[in-house]
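Presented below is the structure to which this report refers.
The values are calculated or read from the model by the stated rules, or taken from the named source; none is laboratory data. Only a predicted model underlies this, so the values are computations on that prediction, with no experimental measurement involved. Cβ: placed from backbone, ideal geometry, glycine included. Neighbour counts: every protein chain shown. Just the protein is used for accessible areas: all its heavy atoms, side chains included, with ligands, DNA and RNA removed. Shrake-Rupley method; radii C 1.70, N 1.55, O 1.52, S 1.80 Å.
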Amino acid sequence: DLELVLSPDNSLHEKQSLIGSILSCQHEVLIQQNSIPLFWGKKRLRSFLQTPNLPLMAVIQAARKGCRVRVLIDSTWYNIDVRDERKNDKTVAMLNKLAEQEKLNLRARLINLPATGVAKIHAKGVIVDRKEVFVGSINWTENSFKGNREVGVIIRHPKVASYYADLFIRDWLHSRIFQIVLRGPSPVYKQPSI
């Protein structure tokens, strides 16, 4: 069973297409993306609350309805910047904070590129309940959904979905986040000591 997903034609359809697939989850959603900005909208008129990223809102809704959700996004230098609210590091931090606040089974990570052995994530993939998978060219930017001619397909086949799920899990496991707890004050040096 195949479903064609076209931007801007049907890619934002709430009952079908990519968003409909995410919202149809019963157990699990796995997402591997090049980038996921927190919000859409014009430069001066954009914020997470006023102009949300619609596929990202579907991901949050899937977690809120009880699905296990894992989000893995690219960590190439141009996709992370602590000063830019629309970069991947901000999305990961917001999703993990939301999960903690609302006690959701939602986790997000930046891929550890050296550990996985890949140069960057360029994939645009979603796996739902290990029964269906979306693959295509649609980035999760507003222009990719509303302005560009983009193509994707949802494949409903457990073996195909399991294949992609195995790749996702491999990358996820190689992208563990480790926390370090410092005890007491740590010295800060202006210049490296030799």
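Things worth noting here:
- For the range 145-161, a residue qualifies if it is over 17 Å from GLN33 (Cα atoms), of a type in the set (Val, Ile, Thr) and either part of a strand (DSSP E or B) or touching a Cys at 6+ places or on another chain (Cβ under 7 Å) (or both), and exactly one does: ILE155.
- When restricted to residues that are assigned to a loop (DSSP other than H, G, I, E, B) and surrounded by fewer than 23 Cβ atoms within 10 Å (Cβ to Cβ), the range 1-22 contains 9.
- The helices (runs of 4 or more DSSP H) found wholly in the range 23-119 and carrying at least 3 residues that are more than 25 Å from PRO158 (Cβ to Cβ) and of a type outside the set (A, V, I, L, M) occupy 88-102.
- Output for the range 23-40, where each listed residue is within 23 Å of SER75 (Cα to Cα) and not polar (S, T, N, Q): VAL29, LEU30, ILE31, ILE36, PRO37, LEU38, PHE39, TRP40
- The one condition from (1) in contact with a strand residue (DSSP E or B) (Cβ under 6 Å, 6 or more places away or on another chain); (2) of a type outside the set (A, V, I, L, M); (3) farther than 20 Å from ILE121 by Cα; (4) modelled with pLDDT under 95 that ARG68 does not meet is (4).
- Considering the range 162-178, and only residues there that are outside any helix (DSSP H, G or I) and of a type in the set (A, V, I, L, M, F, W, C), the residue that is surrounded by the most Cβ atoms within 10 Å (Cβ to Cβ) turns out to be ILE177.
- Selection of the range 17-44 for residues being over 16 Å from GLY125 (Cα atoms) and modelled with pLDDT under 95 yields LEU38, PHE39, TRP40, GLY41, LYS42, LYS43, ARG44.
- The C-beta contact set for the range 124-144 (first residue in a strand (DSSP E or B), second residue among the acidic types (Asp, Glu), distance under 7 angstrom, 6+ apart or interchain) comprises GLY136/GLU150.
- Scan of the range 88-98 for residues that are surrounded by 14 or more Cβ atoms within 10 Å (Cβ to Cβ) and out of contact with any helix residue (DSSP H, G or I) (no Cβ under 6 Å at 6 or more places or on another chain), ordered by number: ASP89, LYS90, THR91, VAL92, ALA93, MET94, LEU95, ASN96, LEU98
- Considering residues of the range 52-85 that are farther than 21 Å from TRP172 by Cα and of a type in the set (S, T, N, Q) only, the residue most open to solvent (accessible area, probe 1.4 Å): GLN61
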